[in-house]
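To keep things clear, I will list the structure first and then write my remarks on it.
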Amino acid sequence: MPEFSAVPELSTADSWEDVVPVAELAYGGYEHSAEYHASAASIFEPKRSVIARTGGRTCGTCAVYSLEMTLPGGPRPVAGLGYVTVAPEHRRRGVMSAMVRRVLHTLHDSGAEAVAALNTTEAGIYGRFGFGLASQAVKVRIARHAGDLRVDGGDRAVRIGGPEEHAAAIAAVYAQCVGERPGMLRRDAAWAARAVLDLPDHRGGSGRLLCMVAEDEGEPSGYALYRLTSAWVDSVPRYEVSVRELFARDPASGAALWHALLDVDLAGSVVADRPVDDPVLALLTDLRSAAPVLRDQLHVRLVDVDRALEQRGYATETDIVLDVTDPLCPWNERRFRLRTGAEGGECRPTTAPADLELTARELGSLHLGGTSLVQLARAGLVRELRPGAVRAAATAFRHDPAPFCPVVF
Ligand SMILES: CC(C)(COP(=O)(O)OP(=O)(O)OC[C@H]1O[C@@H](n2cnc3c(N)ncnc32)[C@H](O)[C@@H]1OP(=O)(O)O)[C@@H](O)C(=O)NCCC(=O)NCCS
């Protein structure tokens, strides 16, 4: 029999060191370098993060980050969850459930962020806690033929070097692009450093991180972070160019970067996770050969349905009554009247008859504007009680362009 209690004691953390032993075990026993830990510690917020202990020993961790995320309507505070780990000998006894519940209830009780978000190692974990899949990425593998794009590379200069020498250009372009898509995160110095973090023990046999910067009249107008992995097939070089980030201020800069990536010496293909509506998908003459594959990205949870729905923007006017199911956060279990318009949304409790029945998880899916309410209704996940309500709300909730987050936190 285990010598510890099945009920964990929860507290805030003192430092990143509280997380390390359990996280290393839960993620497979890998030991990380001092540089890795220094980076993780630089963004760690101990007083917001939860540690679980049983029998006086740490058995679980859940980091909480104060993020600023672009939502439909503009940048808003969002609580990011990361390093949700449970020591292997304590797994499947409710430790994670207790920690996630604590985080959500604390956010509500303290009136902090109305929305939480996370990336997940395994896609099936967080739906039970009301997190809905809110953004997706499409992975493409583009063969190295510059002629496969519908536009040429133009005359933008493209400079190549290490990310450190292009730090100012990266920061300038990112700052111009961060507001374009829901899901994007504002970066302070610590988060900006993580975006170019290049730990030798994490390269997995690939080369170091490189950076291309496109310039328009001497000013940075786009950049790509990428690395090469060597591969030879029958003595022919077929290196993989793996893109970590690519942002461009204008179509010409984007085309210049893609052409430069597709023209890297020794390369056989360029591989990238891109937004589902990324311009490069329209530029490919042969989308099929790029073998696009969808995957889940951000999972979003509305901590307080009313506050969250009032914080985001909407594409159209609508007036709709939502009947929300949310057993984990019972303060959300009620009917809300949501009125939306160009100025935003007003969301109030109501006793009026419901137009739509849905769970908090579905509202999380809809929050970044990338999920179709029509799709959720056709899947039987949203119930329409007033004819036309699904269509009206679907249009209001959608956002163009689609959400995307290049960072795993
Ligand atoms: C994932 C992890 C945190 C789960 O912790 P845990 O304490 O075992 O989880 P709980 O006991 O609270 O499980 C609650 C429920 O989630 C389910 N669950 C747990 N891990 C799951 C997984 N990986 N996939 C699907 N369901 C999972 C449990 O079966 C349980 O289901 P039930 O409510 O129907 O009984 C833990 O296994 C772990 O540390 N894994 C390795 C690190 C990792 O991947 N962390 C997630 C980072 S996003």
Candidate set: the stretch 205-256, residues that are without any contact (Cβ under 8 Å) to a residue 24 or more places away in the chain and part of a loop (DSSP other than H, G, I, E, B); chosen: the one most open to solvent (accessible area, probe 1.4 Å)
GLU217
Top-ranked residue in the stretch 6-35 [being outside any helix (DSSP H, G or I), open to solvent by less than 70 Å² (accessible area, probe 1.4 Å) and within 14 Å of the ligand (Cβ to nearest atom); ranked as modelled with the lowest pLDDT]:
ALA6
Identify the single condition in (1) within 16 Å of the ligand (Cβ to nearest atom); (2) closer than 30 Å to ARG398 by Cα; (3) in contact with an Asp or Glu (Cβ under 8 Å, 6 or more places away or on another chain); (4) not acidic (Asp, Glu) that THR54 does not satisfy, given that it satisfies every other one.
(2)
Looking only at residues in the stretch 116-134 that are assigned to a strand (DSSP E or B) and more than 12 Å from the ligand (Cβ to nearest atom), which one is most open to solvent (accessible area, probe 1.4 Å)?
LEU133
Scanning the stretch 36-85 for residues that are free of Cβ contacts under 8 Å to residues at least 24 places away in the same chain and either in contact with a Leu (Cβ under 9 Å, 6 or more places away or on another chain) or not in a loop (DSSP other than H, G, I, E, B) (or both) gives HIS37, ALA38
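Quick grid of which residues meet (1) more than 21 Å from PHE129 (Cβ to Cβ); (2) at pLDDT below 95:
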residue	(1), (2)
THR340	yes, no
GLU343	yes, yes
GLU346	yes, no
THR351	yes, no
LEU356	yes, no
THR359	no, no
SER365	no, no
LEU368	no, no
Enumeration of residues in the stretch 146-188 that are touching a helix residue (DSSP H, G or I) at 6+ places or on another chain (Cβ under 7 Å), free of Cβ contacts under 8 Å to residues at least 40 places away in the same chain and part of a helix (DSSP H, G or I)
ALA171
GLY94: crowded, with 20+ Cβ neighbours inside 10 Å and within 16 Å of the ligand (Cβ to nearest atom), yes or no?
no
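The values are calculated or read from the model by the stated rules, or taken from the named source; none is laboratory data. All figures in this text were calculated on a predicted structure; none of them were measured in a lab. With ideal geometry, Cβ positions are generated from the backbone for all residues, glycine too; neighbour counts draw on all protein chains shown. SASA here: full protein model, heavy atoms, side chains in, ligands and nucleic acids out. Shrake-Rupley method; radii C 1.70, N 1.55, O 1.52, S 1.80 Å.
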